[in-house]
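Engineer: Quick one: the structure is below, and I'll ask about it shortly.
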Amino acid sequence: MSTTTDQQTAPAATSARPLAPHPDRLLPPDPGVRDLARSIYSSVAGAPIYSPHGHVDAAIIAENTPFGNPAELLITPDHYVTRVLHAQGIGLDQLGVKNPDADPREIWRIFCSHWHVFAGTVVRYWFENELHDVFGITVTPSAETADQIYDQLSEQLASKDFRPRELFDRFNIAVLATTDDPAADLSSHQKLAADPSFTGAVLPTFRADRYMFPDVLAWKGYLDELGQAADIDTGSYAGLIDALKARRAYFKAHGATATDSGMPDAYAEPLEPAEAERLHRAGIAGTITAEESAAYRRNLLYQLAAMSAEDGLVMQLHADVVRNYDDYSFATFGPDTGHDLPGPATFTKGLRRVLNDFGRSETFRLALFTTDETAFSEQIAPLAGFYPSVYVGAPWWFIDTPGAISRFRAAATDSAGFTKTSGFIDDTRAYCSIPARHDMSRRVDASFLANLVATHQLAEDEAHEIAAGLVGSIPINTFRLQQYAR
Amino acid sequence: MSTTTDQQTAPAATSARPLAPHPDRLLPPDPGVRDLARSIYSSVAGAPIYSPHGHVDAAIIAENTPFGNPAELLITPDHYVTRVLHAQGIGLDQLGVKNPDADPREIWRIFCSHWHVFAGTVVRYWFENELHDVFGITVTPSAETADQIYDQLSEQLASKDFRPRELFDRFNIAVLATTDDPAADLSSHQKLAADPSFTGAVLPTFRADRYMFPDVLAWKGYLDELGQAADIDTGSYAGLIDALKARRAYFKAHGATATDSGMPDAYAEPLEPAEAERLHRAGIAGTITAEESAAYRRNLLYQLAAMSAEDGLVMQLHADVVRNYDDYSFATFGPDTGHDLPGPATFTKGLRRVLNDFGRSETFRLALFTTDETAFSEQIAPLAGFYPSVYVGAPWWFIDTPGAISRFRAAATDSAGFTKTSGFIDDTRAYCSIPARHDMSRRVDASFLANLVATHQLAEDEAHEIAAGLVGSIPINTFRLQQYAR
Amino acid sequence: MSTTTDQQTAPAATSARPLAPHPDRLLPPDPGVRDLARSIYSSVAGAPIYSPHGHVDAAIIAENTPFGNPAELLITPDHYVTRVLHAQGIGLDQLGVKNPDADPREIWRIFCSHWHVFAGTVVRYWFENELHDVFGITVTPSAETADQIYDQLSEQLASKDFRPRELFDRFNIAVLATTDDPAADLSSHQKLAADPSFTGAVLPTFRADRYMFPDVLAWKGYLDELGQAADIDTGSYAGLIDALKARRAYFKAHGATATDSGMPDAYAEPLEPAEAERLHRAGIAGTITAEESAAYRRNLLYQLAAMSAEDGLVMQLHADVVRNYDDYSFATFGPDTGHDLPGPATFTKGLRRVLNDFGRSETFRLALFTTDETAFSEQIAPLAGFYPSVYVGAPWWFIDTPGAISRFRAAATDSAGFTKTSGFIDDTRAYCSIPARHDMSRRVDASFLANLVATHQLAEDEAHEIAAGLVGSIPINTFRLQQYAR
């Protein structure tokens, strides 16, 4: 697919439309409610950022590596962006995905000349803020302004002020959690922790997904890597369990307060050890069936919950996404290239055994993330509204948008209030968009609270307290970040 | 679970924050729309209350028993309240559930000191109104004000003005329907009906749920109780059917206009009598399987519909809730203690046979209640928008909140208009919250109507007529309460 | 069912309430946002109508046949209307359905005297606009005004100005697509295309549904008709495929740019030709099972997608509706009489193979229509946000209402922006309601855009551009109507 299809023509060029995000953006239009929202928002706008889940690489902060060119930083790796362009008929190769020969300036031009197709999307919202607030861009992207913006960005990215650590400080990040394989040595995290000049916290998160799919060809190789990291033979199921426990302890010793699991469904059901052992060996032998593999995975998810109830690492569960829907795109460009899709939530049914066994435990904590909006009022908030261990994860991925976050608050608050929600999670690999994302959340929450005040469901001073909690005590409590609190 | 977990700290004490529900609470913030809503609301604010479904015990009204202490009245039996506190790590035993040794004042203190966790929830909204309007409390609950409020409540509860019958009059209740087992003698209902000094109507509702689960150990005992009440041998399926019919007639003779069924799903499918008989005997023998038990239940639900088409008792169906999700809590504290959960709605699929057979009958009437918000636009309103017998039940349980009721109106009106909705149902065992709940509904409906007027979809005088219908002719018609109309 | 049941009494007659749709109807009440919405709306209010999917009969335009009486035109054939009246206990026979003896004036009286039950529904909204703007009616329907309105309508319908072609011009319709069986000779479309005095475009749409259900008794007869039309023996599966291809070419030669499929689910899965052939013969032999029939249908849906990828006809898929839910009504009154019901959307699961094979094709284009609101954010918009071939169809049927369209925009825009949505589809057999329906959509979209401007997510000039696109370039592009663009 090398050319665009017959998409509608871009609107006539309106060159150099100014880029100036409005101070009241996302706040409610009604003047009275807007005043309330403005007051609530302004009280938390400058609060430090707790980012308890995301996909930034710790090494770039540890090494303080200068970022590459604008396309390499902002377009190619961001599947939020590339999928929208792909939907317009642009091949992922043209955007540099698995294609080092693509000209970054040309990628940037494609992006800018398609600026209008992002209208109304949260991707555009974030970009506007990021370009303006982080990079000082003052013209709207377009075919005409693409080169000018590219040059300005390139110049800045080459400067010291725009290196990862300098931005970390400027972004006022208190905690940034990364996502890491259990076999990872966490050397970048160690380096940062040992560096007295670095005052933020970059914490690893234990994500054992790749050990949970024994019908994947590469599984045996993963087991070997983990076995080496843990110095435990993972050729048996018992060995894998021991290795995972050992690595959890290692992660905890290196600052981790949480784990993550990204699963096709939320089912977590224990197997008898002998049966798990049998499946493990079938996986190694390459004879495991799809059903057996699913049973193996669901048992491991249960075991991870049991481990969390033991060691107190907060368990995050991102469930019910159909991964790698498009075979061609997966084969050609790999995973995480924009063709994952939401699936229906399965928490209430899937987690019954886990919650019966650990849901009332004081050590266990489980934050549930979904891309299925209906799950907030039907599953997650009712679960979090009874089980002390369950927290409502912020809207995820397809629904981490102003409209959806606002609907989430309306749906979740009735059952779970504010204190059983997780606080905002940016879940991003786009480092420079972190402030824009958190700022968006603060604006939307301020608007939601302002509406409660304007309809006399909440006193104004309490709304301020809650807003402060949503960016402070609530994520700190949910993710057990007390020692990193500012 | 005896101590709270590491929940976030309560905000700094702001002692004696005043409690003064705003006259415009829940009305839209836009000044123009608010004026419209205020006008519509004020025209129905004082209308008598028709409460066609709930869980108040008729005996407390018949006997006019003084209420107990504040905790016993307002906290321990209300699973809306206890589940939120349980979610904060408070054991149900600490709240007095199945624990007569718990100190009521201490329970009340726990509640008040956790007031902030209810922020934004409908439980808090109801409590504010109930405490202020019913009991004259003027300070917000908190750790500091707990004792003061407890003492004030205790004093009032001891006074004659706060006995059930006096409150019945003060609440301006025209009809209060209770929920009763078919074996109940309805003596309290009889006593009230025979009492010329009592001018309200307290009507029984026939709820046969416990006869519908033959795989429950206690089922045989239930059959015996029913058999005695009906003086019919319920050892056979045919006998059970006869007994149910006899008791429906008894209920009808004692004022019942409706039945209720609370089911795990909405499937209602007839069995051949011989097969039903076989399952009945298997149930008695203790050999029935789970699948057979479900088939037995679904047959009985169908038979109940057939009986309603015969005797004209309005059939209420509350479906698709997962009951007693947490085994430990069920074993320790029993049912209705906060760990039921919403499930996906199954009306369109489950009721096809019932609606084909009775949906166009003039005597049959079926009100459908769900906790699955998506069902309003996808299932219930489309069914009620075709079948004369089907009515859209008001949002239930997890979704009987200002936000969800507003969304319900938006979702249901397109297909079903206003006249095919049921009117508000409070469904509560919290007697003193009845006025607050109905008032909430009137405010939300007034706001919805005001918005239709403000967007020129409805004339203002028609909005007033509809608002009056929603609290009068609509519940009266839906539940066939004509003879009790004020 | 010959009499109305005990519905609530109609409100006291308020005779001759004026009918005067407000110029600002559906626009947001907030004065600032309303000004923005008014400005956006007014810029597109008069734009020509592109109606790329509907059920108007081309013959009435080709022949310019005068419409019949008001009931025959506006009530009896419109199941949006008859279902609401049926839900009030009016028999479909009383409304003239399959009952030529029903007195049209009496039907009209029934409709007018039930005007209040339509309050808040989109049916009433459309009727108000249609009666006022098309027919100049200035009093609200009621029992008292029924005859007066009937007479006024009758007089107008007899006049030349109200014949189909005159209305076509007056409605400013640029393109009207009809829905046609592959066996249709398209003579009316031909006649119109050949008529220099007719300047609009009336395009056929290829809808092969009836060939896809081999377990329907009449299927063999349908095959024969198609075989004759195509002059190809459809006794074999291979013959059916050839005939469908031949008829697609014929439709394309007669102006078709699109096909349509109305399916019980979205599953499209190819069979081996030999297996398809076997099922075809089993269908002819009358021995095909329900499961085999479903497999046959799902294969044909896949084959239709393959043909679209070949010939470039835009594929519309209207999926997941339960047809003919009520057996009695189907047997007595036939299909399309108001008892179809929404079902849960199945796009992501059902279309995986189609999208893997054709989703990145430049010729293939697929517009997805649903009655399940949750599908916009969970399935359709995410699919359209990755696959260049997929477009988000406008809300359909039960959800083509102001509230639902507004929720659709909020749900779809995040993933798909505006350019991957289809533009408004009226999907109506009610010819005279076409302007009211499109006008409704323009108002709702203007309101949505105004809100984005008011919350500073979109510049005002860009909102104007998008509004223009939504009624022009977007439907033109989606449905490949470039040659008919005005």
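The values are calculated or read from the model by the stated rules, or taken from the named source; none is laboratory data. Everything numeric in this text was worked out from a predicted model, so none of it was measured. Neighbour counts run over all protein chains shown; Cβ positions are idealised from the backbone, glycine included. What goes into the accessible areas is simple: the full protein's heavy atoms, side chains included, and nothing from ligands, DNA or RNA. Shrake-Rupley method; radii C 1.70, N 1.55, O 1.52, S 1.80 Å.
Engineer: So which of C:Gln379, C:Gln457 ends up being within 8 Å of chain A (Cβ to nearest Cβ), within 23 Å of B:Phe376 (Cα to Cα) and not basic (Lys, Arg)?
Structural biologist: Within the list C:Gln379, C:Gln457, the selection yields C:Gln379.
Engineer: Also: Can you tell which of C:Pro48, C:Pro100 is open to solvent by 10 Å² or more (accessible area, probe 1.4 Å), touching a strand residue (DSSP E or B) at 6+ places or on another chain (Cβ under 7 Å) and farther than 30 Å from B:Tyr391 by Cα?
Structural biologist: Just one listed residue meets the conditions, C:Pro48.
Engineer: Just to be sure, is C:Ile149 at pLDDT 95 or above and either part of a loop (DSSP other than H, G, I, E, B) or of a type in the set (Asp, Glu) (or both)?
Structural biologist: no
Engineer: Looking at (1) open to solvent by 10 Å² or more (accessible area, probe 1.4 Å); (2) within 14 Å of chain A (Cβ to nearest Cβ); (3) out of contact with any strand residue (DSSP E or B) (no Cβ under 9 Å at 6 or more places or on another chain), which one does B:Phe118 not meet, given that it meets all the others?
Structural biologist: Unmet for B:Phe118, out of (1) open to solvent by 10 Å² or more (accessible area, probe 1.4 Å); (2) within 14 Å of chain A (Cβ to nearest Cβ); (3) out of contact with any strand residue (DSSP E or B) (no Cβ under 9 Å at 6 or more places or on another chain): (1).
Engineer: Before we move on, is C:Ile90 surrounded by 18 or more Cβ atoms within 10 Å (Cβ to Cβ) and closer than 18 Å to C:Ser154 by Cα?
Structural biologist: no
Engineer: Inspect region A:366-373 for any residue being outside any loop (DSSP other than H, G, I, E, B), buried (at least 24 other Cβ atoms within 10 Å of the Cβ) and either hydroxyl-bearing (Ser, Thr, Tyr) or facing chain B (nearest Cβ under 10 Å) (or both) and give the result as yes or no.
Structural biologist: no
Engineer: Please go through region B:448-474 and pick out each residue that is open to solvent by less than 20 Å² (accessible area, probe 1.4 Å), more than 22 Å from the chain's Cα centre (by Cα) and among the small types (Gly, Ala, Ser).
Structural biologist: Those that are open to solvent by less than 20 Å² (accessible area, probe 1.4 Å), more than 22 Å from the chain's Cα centre (by Cα) and among the small types (Gly, Ala, Ser): B:Ala450, B:Ala454, B:Ala463.
Engineer: Another one. Scan the helices (runs of 4 or more DSSP H) fully inside region C:240-340 and keep the ones with 3 or more residues being open to solvent by less than 50 Å² (accessible area, probe 1.4 Å) and not acidic (Asp, Glu).
Structural biologist: Values: elements: C:273-285, C:290-311, C:327-333.
Those helices (runs of 4 or more DSSP H) span C:273-285, C:290-311.
Engineer: So, A:Ile173, is that one of a type outside the set (Asp, Glu) and open to solvent by 40 Å² or more (accessible area, probe 1.4 Å) or not?
Structural biologist: So A:Ile173 does not fit the description; no.
Engineer: Another question about this same structure. Among residues belonging to region B:407-424 that are more than 11 Å from chain C (Cβ to nearest Cβ) and either open to solvent by less than 10 Å² (accessible area, probe 1.4 Å) or assigned to a helix (DSSP H, G or I) (or both), point out the one that is farthest from C:Thr401 (Cα to Cα).
Structural biologist: B:Ser422
Engineer: Among B:Arg443, B:Arg480, which is assigned to a helix (DSSP H, G or I) and at pLDDT 95 or above?
Structural biologist: Details: B:Arg480 fails: assigned to a helix (DSSP H, G or I).
The conditions single out B:Arg443.
Engineer: Could you list, in sequence order, all residues of region A:209-239 that are part of a helix (DSSP H, G or I) and more than 25 Å from the chain's Cα centre (by Cα)?
Structural biologist: Scanning region A:209-239 gives A:Lys220, A:Gly221, A:Leu223, A:Asp224, A:Glu225, A:Gly227, A:Gln228, A:Ala229, A:Ala230, A:Tyr237, A:Ala238, A:Gly239.
Engineer: May I ask you to list the residues in region B:103-115 that are open to solvent by less than 40 Å² (accessible area, probe 1.4 Å) and without any contact (Cβ under 8 Å) to a residue 60 or more places away in the chain?
Structural biologist: B:Pro104, B:Ile107, B:Trp108, B:Ile110, B:Phe111, B:Cys112, B:Trp115
Engineer: Out of everything in region A:88-109 that is within 14 Å of another protein chain (Cβ to nearest Cβ) and of a type outside the set (S, T, N, Q), what residue ends up being nearest to C:Glu362 (Cα to Cα)?
Structural biologist: Residue satisfying both the conditions and the ranking: A:Gly89.
Engineer: Can you tell me which residue is farthest from the other protein chains (Cβ to nearest Cβ) among those in region A:136-153 that are surrounded by fewer than 18 Cβ atoms within 10 Å (Cβ to Cβ) and of a type outside the set (A, V, I, L, M)?
Structural biologist: Looking at the filtered set, the residue picked out is A:Asp151.
Matching residues to (1) more than 19 Å from B:Pro21 (Cα to Cα); (2) surrounded by fewer than 16 Cβ atoms within 10 Å (Cβ to Cβ); (3) touching an Asp or Glu at 6+ places or on another chain (Cβ under 7 Å):
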residue	(1), (2), (3)
B:Arg124	no, no, no
B:Lys160	yes, yes, yes
B:Leu167	yes, no, no
B:Asp181	yes, no, no
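Engineer: Please work out which residue is nearest to A:Gly393 (Cα to Cα), limiting yourself to region A:475-486 and to residues that are aliphatic (A, V, I, L, M) and open to solvent by 10 Å² or more (accessible area, probe 1.4 Å).
Structural biologist: The selected residue is A:Ile476.
Engineer: Working only within region A:51-87, note down all residues that are open to solvent by 10 Å² or more (accessible area, probe 1.4 Å), within 14 Å of chain C (Cβ to nearest Cβ) and more than 18 Å from the chain's Cα centre (by Cα).
Structural biologist: Once the filter is applied, which keeps residues that are open to solvent by 10 Å² or more (accessible area, probe 1.4 Å), within 14 Å of chain C (Cβ to nearest Cβ) and more than 18 Å from the chain's Cα centre (by Cα), region A:51-87 yields only A:Val84.
Engineer: Can you tell me which of A:Tyr391, A:Tyr387 is within 11 Å of another protein chain (Cβ to nearest Cβ), part of a loop (DSSP other than H, G, I, E, B) and open to solvent by less than 10 Å² (accessible area, probe 1.4 Å)?
Structural biologist: On inspection, the qualifying residue turns out to be A:Tyr387.
Engineer: Is it fair to say A:Phe358 is in contact with a Phe, Trp or Tyr (Cβ under 6 Å, 6 or more places away or on another chain), at pLDDT 95 or above and of a type outside the set (Gly, Ala, Ser)?
Structural biologist: yes
Engineer: Could I ask something else about it? Against the conditions (1) in a helix (DSSP H, G or I); (2) of a type in the set (S, T, N, Q); (3) at pLDDT below 95, where does A:Thr65 fall short? Just the number, please.
Structural biologist: (1)
Engineer: Residues of region B:341-352 being at the interface with another protein chain (Cβ under 10 Å from one of its Cβ atoms) and assigned to a helix (DSSP H, G or I), which ones?
Structural biologist: Of everything in region B:341-352, those that are at the interface with another protein chain (Cβ under 10 Å from one of its Cβ atoms) and assigned to a helix (DSSP H, G or I) turn out to be B:Phe347, B:Thr348, B:Lys349, B:Arg352.
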